[in-house]
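Chemist: Quick one: structure below, then a few questions.
Any read-out appearing in this document is the output of simple, stated calculations on the displayed coordinates, not a laboratory observation. The shown structure was predicted, so the numbers you read here are calculated from the model rather than taken from an experiment. Note that each Cβ is placed from the backbone with ideal geometry, even for glycine, and that neighbours are counted across all protein chains shown.
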């Protein structure tokens with residue numbers, strides 16, 4: 001068994017038999033891909049998944065699934081229309097339809113196959129909403145707001161798997177992050193796949209796109225942020241950090257981890273202690289564990 005340059009195990013590709021799935025410290029998961037991803041040849045690794053290929057980012061965005069649509073309604077996202085499959089029942093669907101109509105959002109009942117065509121997935125759970133294109137937050141306003149609140153931001157460096165990015169968004173929102181900063185280059189944008197993986201969290205967590213990540217990290221330091229980078233080998237445990245200040249948590253890519261130019265901007269490096277024989281975690285799983293530990297330390 002080989003290890004990458006950050007000391008993480010290179011897991012075997014379960015589909016092709018190749019080594020090298022654990023890159024930059026965290027293993028990519030394959031089990032949660034939808035059947036549509038597999039039919040369309042959506043990659044598990046870098047770049048956009050097959051269902052995002054050729055999608056016009058300015059077009060209305062289908063959001064599928066009861067939880068995702070419910071969260072979009074709660075966040076008062078700009079929903080154009082809600083489609084419900086004929087015969088779909090349940091108290092949650094009834095409440096969702098009533099909520100949509102209360103907000104003067106059109107609700108249309110249609111055949112289940114139409115929802116598959118609209119959403120591009122069989123996993124719509126009988127309800128799909130069409131939203132206006134995803135609206136990114138203003139990076140500078142987000143930085144200043146979180147600094148005033150002495151909260152924390154999550155910053156990602158070249159996380160290219162949209163499923164991983166969506167899971168990171170979900171964990172960041174769940175553990176009280178003030179927002180997420182993502183680079184415009186070498187980075188998965190917020191796509192339909194990301195939103196599905198986030199299970200509605202994109203409706204609540206501000207996400208801002210930035211140009212040069214190293215310059216943004218330098219700016220965060222000037223704004224009073226303490227920058228903590230995830231590093232498997234040289235990092236300290238979260239409990240040993242002094243977090244009585246605005247915090248920026250930097251997560252690296254699946255392939256190479258945090259790039260050196262960005263790692264040198266960190267005030268400290270943090271690692272997750274592992275007790276078992278497994279030598280690696282998926283980047284999104286690791287993000288959830290790390291954000292929980294940092295949130296607990298910061299609030300305690």
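Chemist: So for the pair residue 234, residue 186, with labels modelled 7 Å out along Cα→Cβ, what separation do we get in nm?
Modeler: Placing both labels 7 Å along Cα→Cβ, they lie 1.7 nm apart.
Chemist: Oh, and also: For segment 61-131, what's the relative contact order in percent, using C-alpha pairs closer than 8 Å and at least 6 residues apart?
Modeler: 55 percent
Chemist: Relative contact order for segment 139-299 using alpha-carbon pairs under 8 Å, separation at least 6, rounded to a whole percent?
Modeler: Dividing the mean separation by the residue count of segment 139-299 yields 28 percent.
Chemist: I would also like to ask the following. If you count the DSSP beta bridges with both ends in segment 61-131, what percent of them are antiparallel, to the nearest 5?
Modeler: Taking every DSSP beta bridge with both residues in segment 61-131, the antiparallel ones total about 65 percent.
Chemist: Next up: Percent relative contact order of segment 115-206, based on C-alpha pairs within less than 8 angstrom and at least six residues apart?
Modeler: 29 percent
Chemist: How would you classify segment 192-300 from its alpha-carbon gyration tensor, with a ≥ b ≥ c the square roots of the eigenvalues: rounded for a/c under 1.5, else prolate if a/b is greater than b/c, otherwise oblate?
Modeler: rounded
Chemist: May I pose another question? State the three equivalent ellipsoid semi-axes of segment 154-239, derived from the C-alpha gyration tensor as the square roots of 5 times its eigenvalues, in descending order and whole Å. Walk me through the intermediate numbers first.
Modeler: Details: eigenvalues 91, 49, 36 Å².
The answer is 21, 16, 13 Å, longest axis first.
Chemist: Between residue 136 and residue 261, take the C-beta separation as r, use R0 = 25 Å, and let me know the FRET efficiency to the nearest 0.05.
Modeler: On the way: r = 24 Å, r/R0 = 0.94.
Here the calculated transfer efficiency is 0.60.
Chemist: For a quick check: sort 163, 219 by the number of other beta carbons within 10 angstrom, fewest at the front.
Modeler: Least to most surrounded, the residues fall as 219, 163.
Chemist: For labels at residue 110 and residue 296 in the simple 7 Å Cα→Cβ model, what's the distance in nm?
Modeler: 4.6 nm
Chemist: A further question follows. If each residue's Cβ is checked for other Cβ atoms within 10 Å, how do 194, 97 rank with the fewest at the top? Mind dumping the intermediate values first?
Modeler: Working: 194 28, 97 17.
Arranged by neighbour count, lowest to highest, 194, 97 become 97, 194.
Chemist: Give me the distance between the Cα centres of segment 77-117 and segment 122-190, rounded to whole Å.
Modeler: 25 Å
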